[in-house]
Amino acid sequence: GVFAAVFGTPMAACVFAIEVVSVGRFCTSALFPCIVSSASAYALALVMGVAPEHFLVENVPAFDISTMWRVLVIAILCAVASMLFCWAMHSGAKLFKKLFKNEFLRAAVGGVVVILLTLLVGTRAYNGGGMDVIERIFEEGVVRPEAFLLKIIFTSITIGAGFKGGEIVPTLFIGATLGGTLALLVGLSPAFGAAIGIAALFCGVTNCPVTSILIAFELFGFQGVSYYLLAVAVSYAVSGYYGLYKDQTI
């Protein structure tokens, strides 16, 4: 319900709740209550004036071999980045717990580190969700090549130090910035690359291919359907058993 209300993606939210628990098994008995929860939360959010997220992907290339290979490159590198992100998140939490037994000291040190890093990079773009950065990629084609790596560092330190926050929006941030950067390198539009990156990286960190496909459809539309399917399939195969959720059953 929360996923549907926040992101405006009721189909993906419904399937995600079921798919993320046990990869490879789909509990059909949970489908109806999840549909009710997702649809009602989405409807209520609309009534309350919460606009659903939607990113305009202009000039989606026609399906051809040349573009397909470039999408494959983006998907593979995003899958590798998803593995790096999962490793950083788990390692950061272990390191902080090992160095600082007291959870209050752990949070204090983590907060200081984040402040110092923010001053060092000279921007607060990596504090918080960063939806404005994602929107700028789709609207203006502006993306910094180091953004994805800095977001991984900031997020792993923040969550590892004990601050409570989500992993989904940072995942979208990392996927969009990496995908947009790679798209410029291979001759595609940053917006299209960001869409491919989000779909591929979300799949890599959650091990939820069906949800990733539905997210791509609901966020970006159906125009690039063939490429989104390809990116998700490749990322799911390449990323292996890495995942953000340690309690997830494979």
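Summary of computed values
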read-out	value
Residue, nearest to A17 (Cα to Cα), within region 213-226, restricted to residues that are assigned to a helix (DSSP H, G or I) and either free of Cβ contacts under 8 Å to residues at least 60 places away in the same chain or of a type in the set (D, E) (or both)	I213
Residues satisfying the stated conditions in region 151-168, i.e. open to solvent by 50 Å² or more (accessible area, probe 1.4 Å) and at pLDDT 95 or above	I153
Only listed residue being under 18 Å from E167 (Cα atoms) and without any contact (Cβ under 8 Å) to a residue 60 or more places away in the chain, chosen from A13, A45	A13
Residue tally, condition part of a helix (DSSP H, G or I) and either without any contact (Cβ under 8 Å) to a residue 12 or more places away in the chain or under 24 Å from G92 (Cα atoms) (or both), over region 199-212	7
Lone qualifier among A51, A79, A41 - being over 20 Å from V143 (Cα atoms), of a type in the set (A, V, I, L, M, F, W, C) and modelled with pLDDT of 90 or more	A41
Region 136-148 - residue that is of a type outside the set (K, R) and surrounded by 14 or more Cβ atoms within 10 Å (Cβ to Cβ) and, of those, farthest from G162 (Cα to Cα)	G141
Single unsatisfied condition, F96 versus (1) modelled with pLDDT under 95; (2) surrounded by fewer than 20 Cβ atoms within 10 Å (Cβ to Cβ); (3) in contact with a Lys or Arg (Cβ under 7 Å, 6 or more places away or on another chain); (4) not aliphatic (A, V, I, L, M)	(2)
Single residue of region 169-187 satisfying the filter (touching a Lys or Arg at 6+ places or on another chain (Cβ under 8 Å) and open to solvent by 40 Å² or more (accessible area, probe 1.4 Å)) that is nearest to R106 (Cα to Cα)	V186
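The values are calculated or read from the model by the stated rules, or taken from the named source; none is laboratory data. Just so it is clear, the structure is predicted and the values come from calculations on it, not from any experiment. Note that each Cβ is placed from the backbone with ideal geometry, even for glycine, and that neighbours are counted across all protein chains shown. The area values use the complete protein model at the heavy-atom level, side chains included, leaving out ligands, DNA and RNA. Shrake-Rupley method; radii C 1.70, N 1.55, O 1.52, S 1.80 Å.
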